[in-house]
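Below is one structure, written out as structure tokens; the observations come after it.
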Amino acid sequence: MTTLPHDYYLKFVDSEMLQQITDFHAKTNYTIHECVEHLSYLHRFSAEMLKTMAGNELLLYPDMNLTLLDNPIQTGDRASPVGRDESCERFVDIDLPFKLVESPFSPTTTLEDTSHKRGYASAGALYPIELFACSLSSSNSNWPCEEKVLHILPKSRKFEIAQNTSDLSTLKRALLPPGSDIGSPNLAVIYMAYLPKVIFKYRFRGYRMAHMETGSLSMLLDLPAKNLGLRNRVWSGYCDNMVSKSLGLNPALFNPLCVQFFGGAE
């Protein structure tokens, strides 16, 4: 069997283990969404407290300056092909031809026709993360179909059209809930974990590997996008269940682990 239906993995998954991971993942859900806005909040920290706690470094021995070496780490060169830009603070709507949408995904495909190996490391060659490219703007010229969401097939090196995604109003509300003041990104890349594929071989360890692979993939898309003149931002302020439902996926089995926005910057 060269092409597996995605639910085939369920034959090899311990149902109790799947339920435990699903229950844990539900606790990590971001619930700032219009469907629960009357009963949820993110935190109650003051701006001063956040400034103190966020973006800080963690010293293991804060009272022992003698534990620090004098040799400073050299600052990275942002002009270098392997030096990333800062995350985009606010996007502006630009003309984004589909050719520019395609290019950043090239490192995610198989390296050779006769091999399953891709352009990034994956434990056990399972590649548990599914990538979805979502056009968020009518300015994206030459988009190849009426539907606005495409699923990347790395081995076939093709895009699978996600059905019933011509209207993205529900998905946009799930990705950018009220208060998301980041402008108008052109493209959203959703890093989706299909849990049965994630855990069937390595069990709980596979769930950890899926998160690690998401981080690796986000940088693989970051650098070629920079080379094309696009800005990007990794984003976690979305409602998991609503994102999955908006794509027509079962939210009990498909979990978005991260979203990355691309477009132009102010």
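The values are calculated or read from the model by the stated rules, or taken from the named source; none is laboratory data. Note that the structure is predicted; figures quoted are calculated from it, not measured. Because the Cβ atoms are built from the backbone with ideal geometry, glycine has one as well, and the counts that use them run over all protein chains shown. The protein model used for the area step is the full one, side chains on, heavy atoms only, and it has no ligands, DNA or RNA in it. Shrake-Rupley method; radii C 1.70, N 1.55, O 1.52, S 1.80 Å.
Remarks
- Among residues of the range 95-112 that are closer than 15 Å to S156 by Cα and in a loop (DSSP other than H, G, I, E, B), those with a beta-carbon under 9 Å from a residue that is polar (S, T, N, Q) and open to solvent by 20 Å² or more (accessible area, probe 1.4 Å) at least six positions away or on a different chain give the pairs T109/S156.
- Positions within the range 41-67 being open to solvent by 100 Å² or more (accessible area, probe 1.4 Å) and part of a loop (DSSP other than H, G, I, E, B), in sequence order: Y41, L42, R44, F45, N56, E57, L58, L60, Y61, D63, M64
- Screening E86, E160 for residues that are closer than 17 Å to L221 by Cβ, out of contact with any Ser or Thr (no Cβ under 6 Å at 6 or more places or on another chain), surrounded by fewer than 16 Cβ atoms within 10 Å (Cβ to Cβ) and free of Cβ contacts under 8 Å to residues at least 24 places away in the same chain leaves exactly one candidate, E86.
- Set A133, A123, A79: member being loosely packed, with under 14 Cβ neighbours inside 10 Å and either among the small types (G, A, S) or touching a residue at least 24 places away in the same chain (Cβ under 8 Å) (or both): A79
- Long-range neighbours under 9 Å by Cβ, at least six apart or interchain, first residue under 19 Å from S87 (Cβ atoms) within the range 164-182, second open to solvent by 10 Å² or more (accessible area, probe 1.4 Å) and of a type in the set (D, E): P177/E34; P177/E37; I182/E89
- Qualifying residue in the range 174-188 (condition: within 17 Å of the chain's Cα centre (by Cα), more than 22 Å from S246 (Cα to Cα) and either of a type outside the set (A, V, I, L, M, F, W, C) or at pLDDT below 95 (or both)): no
- Yes/no for I73 being open to solvent by 100 Å² or more (accessible area, probe 1.4 Å) and either at pLDDT 85 or above or of a type outside the set (G, A, S) (or both): yes
- Against the list (1) more than 15 Å from the chain's Cα centre (by Cα); (2) of a type outside the set (A, V, I, L, M); (3) within 26 Å of R173 (Cα to Cα); (4) open to solvent by less than 40 Å² (accessible area, probe 1.4 Å), the condition C258 fails is (1).
- Candidates D167, D222 - the one that is modelled with pLDDT of 90 or more, loosely packed, with under 14 Cβ neighbours inside 10 Å and more than 19 Å from I21 (Cβ to Cβ): D167
- Positions within the range 136-156 being touching a residue at least 40 places away in the same chain (Cβ under 8 Å) and in contact with a helix residue (DSSP H, G or I) (Cβ under 9 Å, 6 or more places away or on another chain), in sequence order: L136, N140, S141, N142, W143, P144, V149, I152, P154
- Residues of the range 228-241 classified as open to solvent by 30 Å² or more (accessible area, probe 1.4 Å), hydrophobic (A, V, I, L, M, F, W, C) and touching a Pro at 6+ places or on another chain (Cβ under 8 Å), total: 1
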